[in-house]
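Written below as structure tokens is the structure these notes are about.
The values are calculated or read from the model by the stated rules, or taken from the named source; none is laboratory data. Model, not experiment: these values are computed from the prediction. Positions of Cβ are backbone-derived with ideal geometry, glycine not excepted, and every protein chain shown enters the neighbour counts.
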Protein chains: 2
Amino acid sequence: MSLKGACIFGQSGGPTSVINASAYGVFREALKDPNITRVLGAAHGIKGVLNDQLFDIGKEDPAELELLKSTPSSALGSCRYKLKNPAVDDTDYRRILEIFKKYDVRYFFYNGGNDSMDTCNKVSKYLLSQGYECRVIGIPKTIDNDLWGTDHCPGYGSAAKYIAVTCAEIYRDATVYDTGAVTIIEAMGRNAGWLTAASALAGLSGCAPDLIYLPELPFDVDSFIARVKQCYEEKGNCIAVISEGVKDKDGVFIAEYASKDAAADAFGHKQMGGSAAYLAMRVKEALGAKVRPIEFSLMQRCAAHCASRTDVEEAVRMGAEAVRAAVSGVTDKMVAIRRAEGGTYAAETQLLELTAVANTEKKFPLEWITPDGAGVTEAFFDYVLPLIAGENPYCWQNGLPRFAQLKKVKA
Amino acid sequence: MSLKGACIFGQSGGPTSVINASAYGVFREALKDPNITRVLGAAHGIKGVLNDQLFDIGKEDPAELELLKSTPSSALGSCRYKLKNPAVDDTDYRRILEIFKKYDVRYFFYNGGNDSMDTCNKVSKYLLSQGYECRVIGIPKTIDNDLWGTDHCPGYGSAAKYIAVTCAEIYRDATVYDTGAVTIIEAMGRNAGWLTAASALAGLSGCAPDLIYLPELPFDVDSFIARVKQCYEEKGNCIAVISEGVKDKDGVFIAEYASKDAAADAFGHKQMGGSAAYLAMRVKEALGAKVRPIEFSLMQRCAAHCASRTDVEEAVRMGAEAVRAAVSGVTDKMVAIRRAEGGTYAAETQLLELTAVANTEKKFPLEWITPDGAGVTEAFFDYVLPLIAGENPYCWQNGLPRFAQLKKVKA
């Protein structure tokens, strides 16, 4: 089972607060493993392999590598690059094999979400088909938490914590006057409502949003306005949280309504803006109230200063487990998290087939949405609370973040 | 000089992350002072006085009062209520005097920004004119940092820290791909650029924004687009930070270019927001690039989880100093911060005339703006770095904020 050679690690897809924690896990484990002769990092994921832009991680300062645990967004750079079907065009694959041979790469670790697991799967299958011995392991990463087969994804816990904390803080701000206000908050998650649902946790700080809309159920603008109006008239204010991906019964994204009926302004420009901006405009028209749309935008995926300690630790562990699995002979798998049975939260590692994981989305369970379609149940709280537990140590220097500074020495 | 009686404390204007730290300072000091017979908190600032909605702070749990130091947004509720000129209509003033007599109020502490100091000043002058002995002290609060006469305002340091940290994190996210992107970030500050300038601090984390535009200089949309284009073509991406209050040479807010129907609040202020969205649309048209507008919205003033320890400590101190000054015989003043001479940062307390403070704005110094009009100088860094120093302990419970829970017992 022993296989000696170099490893390549790549980061792909949208950043998270903890993606570099998985990089740290891979690097720490790979650098000390005698089977791994050299540890390489790919610039911008698979594009770094194709372009022969590889960094020698062994030349990095170990103290800087430690700082990866609190440095958000892919330290090696990321990509959104879709590999073609090799039966149609195998150019990229031949290039990948060429580079792997050049550096004697026998271990390939790829960190990302659905699309990245597709890349990982295709590379794995191609290398198998060519009889080139290389162990390929995917490492999950996505704030969206929509990867199939794993209890949850590294990245989700920290984004969920950011959303919960920020919703609680915004609630305090948005309800401070005795004059009414409506606040419409938009969270990421185009097809899955995991992030939006996390806003409900603000209720445990005494700051529960009034209405929560996930993309798993059809969204009706008029019903939404009616619910907001009712809440506003009863309480004097209303805080609604919606997914960026809410869509009507015909599958049209509400965000698309904005560009559809947005009257171009005097200059003929179309207004930009998402679901919250559009709904805020509609609510303002209907209620005449003060309405503020708020988008969590990039902050929800890069606010490492608010990361979940549990999430960071699990992200490190997934990276390390990927290396251990590969060295022990496993290939063509993604490492994943299984929740241990019993009342106390514990995460176990499992290995899933890449083919099964790639391109399968895990939606928010419909039974965790309240019957009125505008909230989530206690079962979701039980699921999510362990994932946001604990605060990750952040490295501050003079009141500002001190991020990892990699030398990125060309391999 | 000794004066015995009750005190009333009120919070007014827009919330900050540390406004309750000043409340804590007032309460701690007033509750232990033998001259102050009863400590009352006004619901929604001066409106709580007018409506006889006063809480008995002595009935609160001391442990909950401690938590005020990490609880954002006015715990007693806030207001934006403009008192009339008493020469024209003294109805409100007569009511205030009636309530003060009812509770034997001899101390009045009012925490807020420019408009709140105007309220404080008017109440003070009216009580003087009526020969009613009451010591009135203003306590500064504003994220905008635009209060005249004080080196800086409690609330600013924490908002500046949030903006610096978040700009650094966003920079890492927004530059992660090797495909280009333009990010346009909007910070608060209607007329003063202090908050927007704080984005420059991200440079000390290796994440300097490329362009920074304050409202102190006229803003030209075409020049802005040209600068963004140049930066984008040279670097492959561009991060610009603009104040919500940027306006053209004729004084027209850029946000108004997008929307002409801005409602005005009680003080005649226009509802702001939307500059970044408008500019993003224009840049997208001009460059065809991926452009993302980001508004820091309410988060910049309520993100107590990212508060500056220095700011919190100074906010507590301002509250406590207000009480000590009043008890020692001072009235008709605002407590303020003077920076001690010498190389090491130290804050000294000073007392300013309310008349001088009320309604005078302190702009960002033009000499701290770089000659190209799109950045700030080292002198600003020297000024601001001590204000964001240190991290305030945040009270976490099960991964979520544990805010102060006041009983609010009616007086």
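Mind checking whether some residue in segment B:339-346 is within 30 Å of B:Gly245 (Cβ to Cβ) and of a type in the set (Val, Ile, Thr)? Scanning segment B:339-346, I find no residue that is within 30 Å of B:Gly245 (Cβ to Cβ) and of a type in the set (Val, Ile, Thr), so the answer is no.
Of the residues making up segment A:357-411, those that are of a type in the set (Asp, Glu) and in contact (Cβ under 8 Å) with a residue 40 or more places away in the chain are A:Glu361, A:Glu391.
Confirm whether B:Ala63 is out of contact with any Cys (no Cβ under 6 Å at 6 or more places or on another chain), at pLDDT 95 or above and crowded, with 20+ Cβ neighbours inside 10 Å. So B:Ala63 fails the test. Looking only at segment A:355-389, count every residue that is in contact with a Gly (Cβ under 6 Å, 6 or more places away or on another chain) and buried (at least 20 other Cβ atoms within 10 Å of the Cβ) and tell me the total. So the answer is 4. Within segment B:367-411, the residues that satisfy the criterion of being assigned to a strand (DSSP E or B) and away from chain A (no Cβ under 14 Å) are B:Ile369, B:Val376, B:Lys410. Listed by first and then second residue, the pairs with beta-carbon distance under 6 Å, at least 6 apart or on different chains, first residue in segment B:98-117 and within 14 Å of B:Val26 (Cβ to Cβ), second assigned to a helix (DSSP H, G or I) and among the aliphatic types (A, V, I, L, M), are B:Tyr107/B:Ala326; B:Phe109/B:Val26; B:Phe109/B:Ala322.
For segment A:100-132, the tally of residues that are of a type in the set (Phe, Trp, Tyr), in contact with a helix residue (DSSP H, G or I) (Cβ under 9 Å, 6 or more places away or on another chain) and outside any strand (DSSP E or B) stands at 3. Of all residues assigned to segment A:185-194, none qualifies as being among the polar types (S, T, N, Q) and either closer than 22 Å to B:Glu295 by Cα or buried (at least 22 other Cβ atoms within 10 Å of the Cβ) (or both).
Scoring B:Ala226 on the criteria (1) over 14 Å from B:Gly375 (Cβ atoms); (2) among the small types (Gly, Ala, Ser); (3) in contact (Cβ under 8 Å) with a residue 24 or more places away in the chain leaves a single failure, condition (3).
Filtered by the rule that a residue be under 23 Å from B:Gly189 (Cβ atoms) and assigned to a helix (DSSP H, G or I), segment B:310-336 gives B:Thr310, B:Asp311, B:Val312, B:Glu314, B:Ala315, B:Met318. Residues of segment A:87-118 being surrounded by fewer than 17 Cβ atoms within 10 Å (Cβ to Cβ) and either out of contact with any strand residue (DSSP E or B) (no Cβ under 8 Å at 6 or more places or on another chain) or not acidic (Asp, Glu) (or both), which ones? Once the filter is applied, which keeps residues that are surrounded by fewer than 17 Cβ atoms within 10 Å (Cβ to Cβ) and either out of contact with any strand residue (DSSP E or B) (no Cβ under 8 Å at 6 or more places or on another chain) or not acidic (Asp, Glu) (or both), segment A:87-118 yields A:Ala87, A:Val88, A:Asp89, A:Thr91, A:Arg94, A:Arg95, A:Glu98, A:Lys101, A:Lys102. Filtered by the rule that a residue be over 17 Å from A:Leu354 (Cβ atoms) and either charged (D, E, K, R) or surrounded by fewer than 24 Cβ atoms within 10 Å (Cβ to Cβ) (or both), segment A:134-151 gives A:Asp144, A:Asp151.
Residues being within 30 Å of A:Leu147 (Cβ to Cβ) and in a loop (DSSP other than H, G, I, E, B) are represented in segment A:219-237 by at least one member.
With respect to (1) modelled with pLDDT under 95; (2) polar (S, T, N, Q); (3) crowded, with 21+ Cβ neighbours inside 10 Å, the lone exception for A:Asn392 is condition (1).
Number of residues in segment B:47-99 that are outside any loop (DSSP other than H, G, I, E, B), farther than 21 Å from B:Ile36 by Cα and β-branched (Val, Ile, Thr): the value is 1.
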